[in-house]
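Below you'll find the structure, written out as structure tokens, and then a few comments.
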Amino acid sequence: MSAIANALRIVLRPLRRLLTMKLLLCLCAVVSAAQSQVATNSLLHKEAPSFVRTDLENRTLDLHAYRGKVVLLDFWATWCASCQLEMPHFVAWQSQYGPRGLQIIGISMDDDPELARKLYKKMKLNYPVAMGDEKLGQLYGGVLGLPLTILIDSQGKVRAQFRGEIDLKLIEKRFRPLLHP
């Protein structure tokens, strides 16, 4: 009986360690996702973190300068297919709703500004785009997936955030009531 118990312990010990590791990894993933969600949700109805960057056309881009406008702050990257699918809609919205107070601002999370510049020209973006980094992403709760779009009202308060591929009609439905008639 003792030999069987020893054999079971020897066989089950690695299995128990493996299950414990898997459980810890799952727990870490859940905690990380929750922290990210809490960080982003903690911005809701609060002032959007301010930043100043140089856009892809070497102009100063100061978020605070857009007070009085409704801002869609779009974090994207050239390798993100969903991001590229959104861009033509953002171009159309900037043309259509810009006169009513909408301002779209793109933040490329690419490491190479030249890649972002090429896509900016290829997509004929009609709104400013600046380069982002981890520090800027952290101001907005961490950019753990792309696209990430933050809706900021004309008083500079965060009204909504949209993570990942999302129905663009939902974004439009959220910003339209905030615009001038």
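The values are calculated or read from the model by the stated rules, or taken from the named source; none is laboratory data. Here the structure is a predicted model, which means the values were calculated and not measured. Please note: Cβ atoms are built from the backbone with ideal geometry, for glycine as well, and neighbour counts cover all protein chains shown.
At-a-glance table
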quantity: Hits in the stretch 52-72 (condition: in a strand (DSSP E or B) and either of a type in the set (Gly, Ala, Ser) or surrounded by 22 or more Cβ atoms within 10 Å (Cβ to Cβ) (or both)); calculated: 70, 71, 72
quantity: Tabulated pairs, the stretch 163-177, first assigned by TED's automatic domain parsing to the domain that holds residue 142 and on the phi < 0 side of the Ramachandran plot, second aromatic (Phe, Trp, Tyr) and surrounded by 15 or more Cβ atoms within 10 Å (Cβ to Cβ), C-beta under 6 angstrom, 6+ apart or interchain; calculated: 171/162
quantity: Qualifying residue in the stretch 99-109 (condition: among the charged types (D, E, K, R), part of a loop (DSSP other than H, G, I, E, B) and surrounded by fewer than 19 Cβ atoms within 10 Å (Cβ to Cβ)); calculated: no
quantity: Among (1) surrounded by fewer than 17 Cβ atoms within 10 Å (Cβ to Cβ); (2) at pLDDT below 95 - the single one residue 126 does not satisfy; calculated: (2)
quantity: Single residue of 84, 96, 103 found to be within 19 Å of residue 172 (Cα to Cα) and without any contact (Cβ under 8 Å) to a residue 12 or more places away in the chain; calculated: 96
quantity: Test: residue in the stretch 137-158 that is within 13 Å of the chain's Cα centre (by Cα), under 25 Å from residue 45 (Cβ atoms), surrounded by 15 or more Cβ atoms within 10 Å (Cβ to Cβ) and among the charged types (D, E, K, R); calculated: no
